[in-house]
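A.B. asks: Let me begin by handing over the structure; questions about it come next.
The values are calculated or read from the model by the stated rules, or taken from the named source; none is laboratory data. Since this is a predicted model, take the numbers as computed values, not measurements. So basically every Cβ, Gly included, is an ideal-geometry build from the backbone, and we count neighbours across all protein chains shown. Ligands, DNA and RNA are stripped out before the accessible areas are found, and what is left, the full protein with its side chains, is counted by its heavy atoms. Shrake-Rupley method; radii C 1.70, N 1.55, O 1.52, S 1.80 Å.
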Amino acid sequence: MSNEENPAPTADGLMRAYYAARAPEYDAIYRKPERQADLRAIEQWVPSKFVGTSVLEIACGTGYWTQFIAPVARHVTALDAAPETLDIGRARVPGSNVEFVVGDAYDPPRHAHFDAAFCGFWFSHVPRARQREFLSALNSALRPGAPVVMLDNRYVEGSSTPVTEHDADGNGYQARKLADGSTHLVLKNFPAESELRSLVADLGEHAAFTSWRYYWAFEYRVA
């Protein structure tokens, strides 16, 4: 069989396959004992950003963060590429104001003109070469002035999975082992505050950075 008939999987395809396989154990990361204080604080902090808004949530996974946003939002469109994680999300967050949708983070729905966006633990998986592409596409789905909130991991030795290699663009990769014994090489970046501010310098306004021991959040409003 030729390579054209059986093409190599793309980076996006590998990521989708990893999260589909990880779906049953996806939430184990939220049970790490040392992270509980941070998580309780963030679970209070995140909803305050979305009161009364129509929210586009990118890479919602199993709906862990959707469950905190939905009670205060007018409507949530929760997007993810893996149907397996969305099934868990639908069971976790029932309600008429939440819609779980299979979709592409780089090509979000453009017709709804959302009031706000949330990206939980997604931006660290965006290749450096596509970060601007992702943010530009996200902004195009939002009304001018809409808040964007990104939440992600800080690298903490002893708690975070080590980065074992880098590519020519400076992307880091972690070797992650699942309960079935399979190991997956997963792109994972840990951007500095200065990098995030530089990325949105001409895309957003009123940028703000918040950090906890194990996590960071970055906010801006669509220009």
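A.B. asks: Measuring from centroid to centroid over Cα atoms, what is the spacing of segment 40-66 and segment 137-198 in Å?
C.D. replies: Distance between centres, Cα-based: 18 Å.
A.B. asks: Oh, and also: Between A175 and D202, with labels modelled 7 Å along Cα→Cβ, what's the label distance in nm to one decimal, could you check?
C.D. replies: For the pair A175/D202, the computed spacing is 4.1 nm.
A.B. asks: Another question about this same structure. Explain nothing, just compute: Karplus ³J(HN,Hα) = 6.51 cos²θ - 1.76 cosθ + 1.60, θ = phi - 60°, for every residue of segment 87-92 in order, whole Hz, x for Gly and Pro.
C.D. replies: Result, ordered by residue: 4, 5, x, 4, 6, 6 Hz.
A.B. asks: Between A37 and R74, what length in nm is gained on full extension when 0.36 nm per residue of separation is reduced by their alpha carbon distance?
C.D. replies: Working it through step by step, the gained length comes to 10.5 nm.
A.B. asks: Tell me the net charge near A179. Cut-off is 15 Å between Cβ atoms, A179 excluded, with +1 for each Lys or Arg and -1 for each Asp or Glu.
C.D. replies: Counting the neighbours of A179, the net charge comes to 0.
A.B. asks: May I pose another question? Search the structure for amide H atoms under 5 Å from the amide H of V101, placed 1.01 Å from N in the peptide plane, and list their residues when 5 or more places away or on another chain.
C.D. replies: A78, L79, D80
A.B. asks: Explain nothing, just compute: Karplus ³J(HN,Hα) = 6.51 cos²θ - 1.76 cosθ + 1.60, θ = phi - 60°, for every residue of segment 44-58 in order, whole Hz, x for Gly and Pro.
C.D. replies: 8, 6, 4, x, 4, 7, 10, 4, x, 9, 9, 9, 9, 9, 8
A.B. asks: Please report the net charge: other residues with Cβ closer than 15 Å to the Cβ of N139, K and R +1, D and E -1.
C.D. replies: My count for the surroundings of N139 gives -1.
A.B. asks: Tally Lys and Arg at +1 and Asp and Glu at -1 over the other residues with C-beta under 15 Å from the C-beta of P109: what net charge comes out?
C.D. replies: In short, -4.
A.B. asks: Now for a different question. If amide hydrogens are placed 1.01 Å from N in the peptide plane, which non-local residues have theirs closer than 5 Å to the one on G120?
C.D. replies: Amide H neighbours of G120: I58, L151.
A.B. asks: Please work out the Cα convex hull volume for segment 15-126 and give it in Å³ per residue.
C.D. replies: 100
A.B. asks: Determine ³J(HN,Hα), in whole Hz, for all residues of segment 155-160 in sequence, where each value follows from phi through the Karplus function 6.51 cos²θ - 1.76 cosθ + 1.60 and θ = phi - 60°; x replaces Gly and Pro.
C.D. replies: 7, 10, 4, x, 10, 7
A.B. asks: Additional query: If I model a spin label at A168 and L185 as a point 7 Å from the Cα along the Cα→Cβ vector, what separation in nanometres do I get?
C.D. replies: 1.5
A.B. asks: Follow-up question, since we're still on this one. Starting from 0.36 nm per residue, how many nanometres of slack lie between E84 and T161 once their C-alpha separation is accounted for?
C.D. replies: So the extension gain works out to 25.4 nm.
A.B. asks: When the convex hull of the Cα atoms of segment 63-146 is projected onto a plane and the area is averaged over all directions, what value comes out in nm²?
C.D. replies: Result: 5.6 nm².
A.B. asks: Taking all protein chains as present, what is the carbon and sulfur share of the accessible area of the chain, in % to the nearest whole number, probe 1.4 Å?
C.D. replies: On the way: 5460 of 10540 Å².
Here it works out to 52 percent.
A.B. asks: A follow-up question, please. Would you mind working out the accessible area per residue for the chain, using a 1.4 Å probe, and quoting it in Å²? Write out the running numbers ahead of the final one.
C.D. replies: On the way: 10540 Å² over 223 residues.
Heavy-atom accessible area per residue stands at 47 Å².
A.B. asks: I'd like to know how the chain sits against the 2.2 N^0.38 Å rule of thumb: what's its Cα Rg over that expected value? List each step's numbers first, then the result.
C.D. replies: Numbers: Rg = 17.1 Å, N = 223, 2.2 N^0.38 = 17.2 Å.
Compactness ratio reported: 1.00.
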